[in-house]
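Remarks on the structure that follows.
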Amino acid sequence: MSSLTNMAKHPTISLIKSSTTLKELKQIHTQLLVHGTLNNPHFHGQFIATVALHNPTNLPYSNHLIHHSLHYPNLFTLNSMIRAHSKTTTPHKSFFFYNIILNSPNNLSPDNYTFNFLVRTCAQLMLHVTSSSVHAAVIKHGFEHDPHVQSGLIFMYAEMGCLKSCHQVFGRVQNPDLVCQTAMLHACAKCGDVGFARKVFDEMPHRDFVAWNAMVAGYAQCGRSREALELFHLMQMEGVEVNEVSIVSVLSACTHLGALDQGRWAHAYVERNKLRLTVTLGTALLDMYAKCGNIGKAMEVFWGMKEKNVYTWSSAIGGLAINGLGRESVELFSLMKKDGVHPNEVTFISVLKGCSVVGMVEEGRNHFDSMRNLYGIEPQLEHYGLMVDLYGRAGHLEEALSFINSMPLKPHAGAWSALLHACRMYKNKEIGEFASRKIVELEANNDGAYVLLSNIYADHKNWEGVSNLRHKMKIVGVKKLPGCSVIEVDGEVHEFIVGDKSHPRYDEIELKIEEISRCVRLAGYVALTSNVLFDIEEEEKENALGRHSEKVAIAFGLISLKEGVPIRVVMNLRMCWDCHDVAKMVSKFYHREIIVRDRNRFHHFKDGECSCKGYW
DNA sequence: TTAGGGTTAG
């Protein structure tokens, strides 16, 4: 029973490998100790490796077993420990085990597994110096031409954003195999060159389901959601195996498009085909529901998940926040901490958003302070921006300004923009002008700086100010980002860009918009024309407002969706106040629920009211 | 007995 092949079939090895939970493994450990079986180094090694491989949270237990063992760990065990640590938030610990291999008294030496795992550690660490020395060690130990190590190196350089190095490694591979080609296509997509990724994919002589998944994910991750879904449909037509990894990318694409129907289809696919609801899949699913405006369903998925990680919690907390449930999001954050899950920087973005949408200034400030004091997380620019947003939305403009001035980092345009938005909300011209100037100093082409200030001037009927800004924008060459809204009807995503009349049903949409205008006017509605950038005639302005992309999408929803079906719109800008008022009225007149996801949050319109209660 | 592709923000 000494050969490894025979060992693999040993019932004790099988027993250890088949256990999935730490509890089960600990029970087996006790049994093996009682029978003295753990004296066998093979069993002991397998035990430690299984504990480590199943779940990174088991790692302290694996470490404990290694340190209290009578045996010197073998290469298999040590490689397993390197691999396990490469997937944690403390990847540098892999080097501890690598050094045990290098300094081993029984002449262990690293093999291709060691290096394949070690380069993944480097990928996680993203340190150029470390990566270079590990690459040098790969060459020194003669693994430069090992296909697995080559793929690992490409992966490592991709994570670090060094596409050039990926090309160099790939160029030296004589006959790249499937795994290596997939690593390369993944690397190109990761570094933003999806075109080349697709070229690698198209030129692959054989593609398996992993290669297809990598390509679908590549499109989804760089925001080319429609292409991701198209490729996924092609994948299905070609009869390629679909697994939970494919569905994660599909869900991510649906989330970005706000395509709830297709997202629901993906959920049904998971259930129909009994795919394993992994943490990643569950998180993608809950995130899809939350960002497509169905927070009830999102939380149902969340509570149904057996295993939750920091992604899952952050996603749920953020989902509640963007749906206006700030208090609930902060409560969920408390539960997360009670559950022993350590928050990360993204979690705090979600929590601060939660505080911001309901104006919990004090609580937000406490959470912000706890980042550094309790969790050792250094706040990033985004966190500072959210704090400005928190003060600003609550109307504490002076505090927001002094907060920016006391930042230890150089304030970015985002922080000033948050302040400018608040100035717009509270019609504060002085601070608004100051913030706008600061933004333009940092980003001369920032359209928001001009548009918002122009709105503030228009609020004050300062048409000269508006006209001067218009002139300045022309000279500098700033263009207002065109508004774009999408709406899904019968599984098809329709896109409306402001001013674009190319939709085949545009004439009908136009008629509907006129009908809406008549209805809302009867109710005594007066358009909030200050949302129009320039000083044009009142009637013309109203017309320009009538053609905002969100209104066009809502009108299209009214003519194309069956009665009673909610209208769901996803847009790229913040919803304008006028469209917001009109949407409220439409929800009442047409007895239709309207859900708009804007750049910042959700607005649920029902019976003439909006869930944001005017606070956004 | 270990080797690929996936989830949270901006």
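In vacuum, with every alpha carbon of chain A counted as one equal point scatterer, what does the Debye formula give for log10 I(q)/I(0) at q = 0.12 Å⁻¹? Two decimals, please.
Summing over Cα pairs of chain A leads to -1.37.
Please report, in Å, the Rg and the Dmax of region A:45-192, where both are computed over Cα atoms only.
15.5, 50
If the reach is capped at under 14 angstrom between alpha carbons, list the aspartates and glutamates near residue A:427, excluding any in the same chain fewer than eight residues apart.
Filter leaves A:398, A:459.
Report, in listed order, any pair from A:26/A:337; A:23/A:338; A:9/A:190; A:429/A:588; A:480/A:551; A:474/A:512 with a Cα-Cα distance greater than 29 Å. All intermediate terms of the calculation are to be shown ahead of the outcome.
Numbers: A:26/A:337 26 Å; A:23/A:338 21 Å; A:9/A:190 40 Å; A:429/A:588 34 Å; A:480/A:551 18 Å; A:474/A:512 34 Å.
From the list (A:26/A:337; A:23/A:338; A:9/A:190; A:429/A:588; A:480/A:551; A:474/A:512), the Cα-Cα distance tops 29 Å for A:9/A:190; A:429/A:588; A:474/A:512.
Sorted by mean Cβ packing within 10 Å, highest first, what order do the peptides A:264-276, A:153-165, A:596-608 take? Don't jump to the answer; show the numbers that get you there.
Details: A:264-276: 13.6, A:153-165: 21.2, A:596-608: 19.2.
Final packing ranking: A:153-165, A:596-608, A:264-276.
Where q = 0.13 Å⁻¹, what log10 of I(q)/I(0) comes from the Debye formula for region A:326-427, counting one point per Cα?
One equal scatterer on each Cα of region A:326-427 leads to -0.43.
Would you kindly find the accessible area of residue A:513, with a 1.4 Å probe and non-protein molecules such as ligands, DNA and RNA excluded, rounding to the nearest 10 Å²?
Here the accessible area works out near 10 Å².
Give, to the nearest whole percent, the P(r) tail of region A:370-473 beyond 20 angstrom, counting all Cα pairs.
On the way: 2035 of 5356 pairs.
Counting pairs separated by more than 20 Å, the tail of P(r) holds 38 percent.
Ignoring ligands, DNA and RNA, please state the percent of accessible area on region A:571-616 from carbon and sulfur, probe 1.4 Å. Let's see the in-between values first.
On the way: 950 of 1940 Å².
Its accessible area is 49 percent carbon and sulfur atoms.
Got a number for carbon plus sulfur as a percent of region A:380-456's accessible area, 1.4 Å probe?
Values: 1580 of 3010 Å².
That fraction is 52 percent.
Using +1 at the Cβ of each Lys and Arg and -1 at the Cβ of each Asp and Glu in region A:353-463, identify which of A:377, A:448, A:394 lies farthest towards the dipole's positive end.
A:448
Kindly provide the helix-only [θ] at 222 nm of chain A, computed as the sum of -39,500 (n - 2.57) over DSSP H runs of four or more divided by all residues, to the nearest 500 deg cm²/dmol?
-20500 deg cm²/dmol
Could you tell me what percent of the accessible area of region A:19-156 is made up of carbon and sulfur, with a 1.4 Å probe and every protein chain present? All intermediate terms of the calculation are to be shown ahead of the outcome.
Numbers: 3990 of 6730 Å².
C and S atoms contribute 59 percent here.
Do any trypsin sites (Lys or Arg not before Pro) in region A:417-511 lie in a loop, going by DSSP, with at most 16 other beta-carbon atoms within 10 Å of their beta carbon, and if so which? Don't skip to the end; give the middle numbers.
On the way: sites: A:424, A:427, A:429, A:437, A:438, A:461, A:470, A:472, A:474, A:479, A:480, A:501, A:505; in loops: A:427, A:461, A:479, A:480, A:501, A:505.
Within region A:417-511, the qualifying trypsin sites (Lys or Arg not before Pro) (loop, at most 16 other Cβ atoms within 10 Å) are A:427, A:461, A:479, A:480, A:501, A:505.
Just order A:255-262, A:297-304, A:557-564 by mean Cβ neighbour count inside 10 Å, highest at the front, would you?
On the way: A:255-262: 21.8, A:297-304: 17.6, A:557-564: 14.4.
The peptides rank, most packed first, as A:255-262, A:297-304, A:557-564.
Using a 1.4 angstrom probe and counting only protein chains, how large is the accessible area of residue A:237 in Å², to 10?
Roughly 150 Å² of residue A:237 is accessible to a 1.4 Å probe.
Give the calculated FRET efficiency between residue A:17 and residue A:503 to the nearest 0.05, with a Förster radius of 56 Å applied to their Cβ-Cβ distance. Mind dumping the intermediate values first?
Details: r = 57 Å, r/R0 = 1.02.
Using R0 = 56 Å, I get an efficiency of 0.45.
Compute, for chain A, the length of the dipole vector about the Cα centre, with Cβ point charges of +1 (Lys, Arg) and -1 (Asp, Glu) only. Units Debye, rounded to 20.
Details: 63 positive and 63 negative charges, 252 e Å.
Dipole size: approximately 1200 debye.
The values are calculated or read from the model by the stated rules, or taken from the named source; none is laboratory data. Nothing here was measured: the structure is a model prediction, and the numbers come from that model. Methodologically, a virtual Cβ is constructed for each residue, glycine included, from the backbone with ideal geometry; neighbour enumeration extends over all protein chains shown. In case anyone asks, the SASA skips ligands and DNA or RNA and just uses the protein heavy atoms, side chains included. Shrake-Rupley method; radii C 1.70, N 1.55, O 1.52, S 1.80 Å.
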